[in-house]
Amino acid sequence: MLFRSVELDLRTARLARDGERVSALSMLLAALKDAEKSAGALDDAAAIQVLTRERKKRVEAAESFREGGR
């Protein structure tokens, strides 16, 4: 269900030509597809774990860039 929601949001963002949303949703969809390949079908709880892990990666990367003066 969550997987389908991300796909629909991505389609909407593409039609609206919202580059930032398209980029973010594409990364999330790729992470979900990768997790689905390695673990099989994902339920919503597993999808939320994947999304939480991806969010943590992005927050840590942003902190590293700030600390590095970028």
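The values are calculated or read from the model by the stated rules, or taken from the named source; none is laboratory data. Keep in mind that what you see is a predicted model, and the values were worked out from it rather than measured. All accessible areas refer to the heavy atoms of the entire protein, side chains included, with ligands and DNA or RNA removed. Shrake-Rupley method; radii C 1.70, N 1.55, O 1.52, S 1.80 Å.
The helix-based estimate of mean residue ellipticity at 222 nm for the chain, built from -39,500 (n - 2.57) per DSSP H run of four or more residues and divided by its residue count, is -29000 deg cm²/dmol to the nearest 500. For the chain, the solvent-accessible area with a 1.4 angstrom probe is 77 square angstrom per residue.
May I ask for the angle, rounded to the nearest 10°, between helix 44-67 and the longest principal axis of the chain, with both axes built from Cα atoms and the value confined to 0 to 90°? The two axes meet at around 10 degrees. Kirkwood hydrodynamic radius computed over the chain comes to 13.1 Å, based on all pairs of distinct alpha carbons. When a 1.4 Å probe is rolled over the protein heavy atoms, the share of accessible surface on the chain that falls to carbon and sulfur comes to 53 percent.
For the range 26-66, compute Rh as the Kirkwood radius over C-alpha pairs and then the Stokes-Einstein diffusion coefficient at 20 °C and 1.002 mPa s; write the answer in µm²/s, rounded to an integer.
Estimated diffusion coefficient is 199 µm²/s.
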